[in-house]
Structure formats: C-alpha cells, structure tokens
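Novice: Once you've had a glance at the structure underneath, I'll fire off some questions.
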Amino acid sequence: MKLPSIEAFMKGAQQNRQTLWQYILQCEFQDSGTPVDEMIRRVEDTYQVMKNAVRSGLKENGRSLSGLTGGDAFKYYERIKIGRTVLSDFNAKAIAYAIATNEQNASMGVIVAAPTAGASGILPGVIIAAQEEFGYMDDDIIHSLIIASGIGAVIATRATVSGAAGGCQAECGSAAAMAAGALTYLLGGTPHQVFNAAALALKNSLGLACDPVAGLVEVPCVKRNGVYASMAITASDMSLAGITSVIPPDEVIDAMFQIGSQLPSCLRETAEGGLAITPTGLAAKNRIFGIDETK
C-alpha cells in the first residue's frame, strides 16, 4: 500500500480507530508483508545506531578526512555544559546532537540516513534530546520514529528526498518535517498538529540549495543540520500553540517538488554553484583534490 498523501494518513487512522503509528505500521505491513513486531525491532535497532552516532560525534578530536569539518559538536556541547547557551538545554542539545551525527557522517562513521546521509542529524538530534530532557520511554521514541518515517514516506512518494533531484529542501527540509512531526507527537499533539508541524517546517525550507563545497557532504551540510534541528523544534512549538500552515501539508510537499524541479542543476548537489564556487569554496576543493590552478 502506498502512502500518497498526508490527508489519506489522517483519514485512514481515524477510520480504523488507530493511532498514527499503528496505522503507518499497518500500511507498511500491507505493502511489504514484514511482520509488525519485526518492523518495531528494526526501528529499535535504528534508534540505537542514532544514539551511538551522537556519542561518537561528540568527541573532541573527531575530524573528517578532508579537514573541512569536525569538532564543532564538541565545542557547542561544552558551551551547553557551562551554561553559556542562550537557548534552552533541550534546543541546544538537539543542535549539538544533530551536528555530532553529521560530523560522524563526514568522518565515514555509521549513521542512519534520516532520510538521507546529508540530513542525518536533524531527526536523531531532536528525538534524542527530547528523551533526555523530558524522560520519554523508549516505546514513546519508537512510536515517534515510526511517525517520522511515515512523513518521510509520503514526501518520498509525492516528491523526493534527494538533493540531486530537489535541492537541500528535499533533504534537510524533509528531515526537519519528519523531526517536527515526531516531536509534536511526543509532546501530545493531535494528528492534525503533528502534520501541521511537518508542513510548517518543510515550507520554511522551500528553495534551499544543495551546494556542497568540493562535492562533499560537509560544508554547509554539518552546521545546517544543527540549524534545521532548531527549526523543527520551532515548527512543533508553533503547531502546538495553535498556529497553522495556511497551505495544507500535501500541497506544501507538492510545492517543494515543483520548486526542486525548477532549481538550476548548479544548485542540486553538483557543486557547481552557491557556496561551492565561492573563492574559499574553490580553494578548499583545489586543496582537497590536489588541483594546481597555476598549471
């Protein structure tokens, strides 16, 4: 069974008198035939990988092979520990954990593509920080991750989660939507608030370019994960306050796809535009790949 729309999600769960996560699992079972208990076990394993990536990414001496990134998660986490951040501990930890995960990715560590490697830090950053700060049980977290996967499945079905196809709005934007929806569920939001939070996060990512320096998933990807983790929290908080997206979630997803198809190829993961072709970006590329421009 496909998940063609958020609206179908809402109606399906309501008609079947199921929670969102239960209905998502039912849809996946009908589609793949994978038993529900096996799917839950896989999500549990996935969450452990996410937590391990955060722990490894917070180390002081981590550095990518290119030398472009590494150690920033440690710096920011140290600021949290000494009470210097202007953000709440929850928001700040989400940022640190998101950066840590993406630094792990840049250093060839094991991460969970959520939904992609370039956006791998946003969802775990938000969810792990939420569990630490608010004391959620593992079952609660697993259910929230199932909801996040459902949101991601709809985006991938209706649009794309590929930076090469749709720009970074399809990667970090989709991840922020997934994280916003998952967090809203954890905080007791209604199904409407869950999906409204996802819409708020995604629509504020529209047009985001994918312009990796030297073609590597490091700059601006790593720090962007931290910023978009915070944006996901903001979208969730707004939705829980009763602020709604005038444009419904499915239409936001469709708009993202339309914008992505209209972005020039230089802004879709080709490293031929944006930050990738700034003087500093080109100098970094030449250094990494040993290019001598004097010849």
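Novice: Whole-Hz ³J(HN,Hα) for each residue in the stretch 35-49, computed from phi via Karplus 6.51 cos²θ - 1.76 cosθ + 1.60 with θ = phi - 60°, x for glycine and proline: what do you get?
Specialist: Running phi through 6.51 cos²θ - 1.76 cosθ + 1.60 with θ = phi - 60° gives x, 4, 5, 5, 4, 5, 4, 5, 5, 4, 5, 4, 5, 5, 5 Hz.
Novice: Could you tell me which Cys residues in the chain have no other cysteine's Cβ under 4.7 Å from their own Cβ, answering none if every one has a partner?
Specialist: Those would be Cys27, Cys172, Cys221, Cys266, since no other cysteine Cβ in the chain comes under 4.7 Å of theirs.
Novice: While we're looking at this one, here's another question. So for each of 134-144, 195-205 I average, over its residues, the number of other beta carbons within 10 Å; can you give me the resulting order with the highest mean first?
Specialist: 195-205, 134-144
Novice: Provide the packing ranking of 98-104, 277-283, 210-216, i.e. peptides ordered by the mean count of other C-beta atoms within 10 Å per residue, highest first.
Specialist: 98-104, 210-216, 277-283
Novice: In debye, nearest 20, what is the charge dipole magnitude of the stretch 183-295 about its Cα centre with +1 on Lys and Arg Cβ and -1 on Asp and Glu Cβ, if you could check?
Specialist: Roughly 260 debye, rounded to the nearest 20.
Novice: While we're here: Name the residue from Gly71, Cys168, Ser245 whose Cα lies farthest towards the positive end of the charge dipole of the chain, charges +1 on Cβ of Lys and Arg and -1 on Cβ of Asp and Glu.
Specialist: Positive-end residue among those listed: Gly71.
Novice: Roughly what would the spin-label model give for Phe90 and Thr278, points 7 Å off Cα along C-beta, in nm?
Specialist: According to this spin-label approximation, the distance is 3.3 nm.
Coordinate-derived values only; no laboratory data. Please read these numbers as outputs of a predicted model, since none were measured by experiment. Every residue, glycine as well, gets a Cβ built from its backbone with ideal geometry; the counts of neighbours run over all protein chains shown.
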